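The structure under discussion appears below in the form of structure tokens.
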Amino acid sequence: MNIKELKIEQVKENKDIPFKLLKMADPSREQIESYLKTGSCYIAKHQSKLIGVLVLNSVNSTTIEIKNIAIKESEQGKGFGKVLLQQAENLSKELGYKKLIIGTGNSSIGQLALYQKSGFEIDRIDKNFFLKNYKEPIFENGIQCKHMVVLEKKM
Ligand code: COA
């Protein structure tokens with residue numbers, strides 16, 4: 001797939017925020033609302049159809065974080081996630097950041113694979129992050145999601 005075929009554009013109006021997609025990556029509406037206040041939300045379109053979402057949030061002058069990334073279920077497994085990650089990196093570089101970070105659950109096996117295949121390295125574990133910040137227990141792949149694995153990519 002040609003990377004140029006996936007176009008990202010910043011969402012300017014609250015009504016255009018694709019909450020359904022954001023909820024696929026993050027079950028907590030509260031958490032989503034909180035990082036949307038300070039972050040920038042982008043939608044990804046393929047052949048003019050909305051297929052993905054990305055939220056970037058500045059951590060400090062050199063580091064930016066992917067707070068949310070999701071590809072519509074029917075479009076998953078086709079390489080779009082990888083391309084969207086690449087675009088997040090390109091955009092972060094253009095904005096002048098030197099490091100891109102992303103956090104995921106200890107139970108998110110596929111995501112851990114994808115991020116490491118895309119050049120991210122595990123930096124640290126935020127122990128019990130999901131137990132402390134999410135009201136409902138989360139299970140994936142038969143594993144309880146308790147800890148946040150934080151990965152980083154130097155650009
Ligand atoms: N073991 C090894 N590799 C795995 C894997 C596993 N269990 N599960 C996935 N992968 C790999 C795939 O093989 C592929 O790599 P490859 O191209 O080298 O084969 C890669 O991960 C997936 O690539 P891609 O098709 O680009 O991903 P995608 O378009 O499905 O998007 C997500 C990935 C995570 C964005 C998408 O699945 C999604 O939206 N999930 C729900 C929301 C979510 O969990 N967001 C992230 C929150 S941290």
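Values for this structure:
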item	result
Residue check, Ser34 farther than 27 Å from Phe139 by Cα and either within 14 Å of the ligand (Cβ to nearest atom) or not β-branched (Val, Ile, Thr) (or both)	no
Cβ-Cβ under 7 Å pairs, at least 6 apart or on other chains, the stretch 90-108 side under 30 Å from Gln144 (Cβ atoms), far side charged (D, E, K, R) and modelled with pLDDT under 95	none
Subset of the stretch 110-146 (residues that are among the charged types (D, E, K, R), in a loop (DSSP other than H, G, I, E, B) and either under 21 Å from Gly81 (Cα atoms) or at pLDDT 95 or above (or both))	Lys127, Lys146
Test set (1) under 16 Å from Tyr115 (Cβ atoms); (2) not in a strand (DSSP E or B) - Lys67 fails condition number	(2)
Members of the stretch 70-83 that are without any contact (Cβ under 8 Å) to a residue 24 or more places away in the chain and assigned to a loop (DSSP other than H, G, I, E, B)	Gln76, Gly77
Any chance Asn133 is touching a helix residue (DSSP H, G or I) at 6+ places or on another chain (Cβ under 6 Å) and exposed (fewer than 14 other Cβ atoms within 10 Å of the Cβ)	no
Single residue of the stretch 91-108 satisfying the filter (over 20 Å from Ile64 (Cβ atoms) and not hydroxyl-bearing (Ser, Thr, Tyr)) that is farthest from the ligand (Cβ to nearest atom)	Asn106
Complete set of residues in the stretch 52-89 that are surrounded by fewer than 22 Cβ atoms within 10 Å (Cβ to Cβ), under 15 Å from Lys7 (Cα atoms) and more than 8 Å from the ligand (Cβ to nearest atom)	Gln86, Gln87, Glu89
Residue, nearest to Glu65 (Cα to Cα), within the stretch 109-132, restricted to residues that are within 14 Å of the ligand (Cβ to nearest atom) and either β-branched (Val, Ile, Thr) or in contact (Cβ under 8 Å) with a residue 40 or more places away in the chain (or both)	Ile122
Any hit, the stretch 8-31, residues being hydrophobic (A, V, I, L, M, F, W, C), under 16 Å from Asn90 (Cβ atoms) and surrounded by fewer than 16 Cβ atoms within 10 Å (Cβ to Cβ)	no
Options Ser48, Ser40; residue that is surrounded by fewer than 20 Cβ atoms within 10 Å (Cβ to Cβ), over 14 Å from the mean Cα position of the chain (by Cα), more than 24 Å from Ser107 (Cβ to Cβ) and more than 11 Å from the ligand (Cβ to nearest atom)	Ser48
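Table: residues versus (1) assigned to a strand (DSSP E or B); (2) within 20 Å of Gly96 (Cα to Cα); (3) at pLDDT below 95; (4) of a type in the set (S, T, N, Q).
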| residue | (1), (2), (3), (4) |
| --- | --- |
| Met1 | no, no, yes, no |
| Lys20 | no, no, no, no |
| Pro27 | no, no, yes, no |
| Lys45 | yes, no, no, no |
| Leu54 | yes, yes, no, no |
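The values are calculated or read from the model by the stated rules, or taken from the named source; none is laboratory data. Worth saying up front: this structure is predicted, and the values here are computed from it rather than measured. Virtual Cβ from ideal backbone geometry, glycine too; neighbours counted across all protein chains shown.
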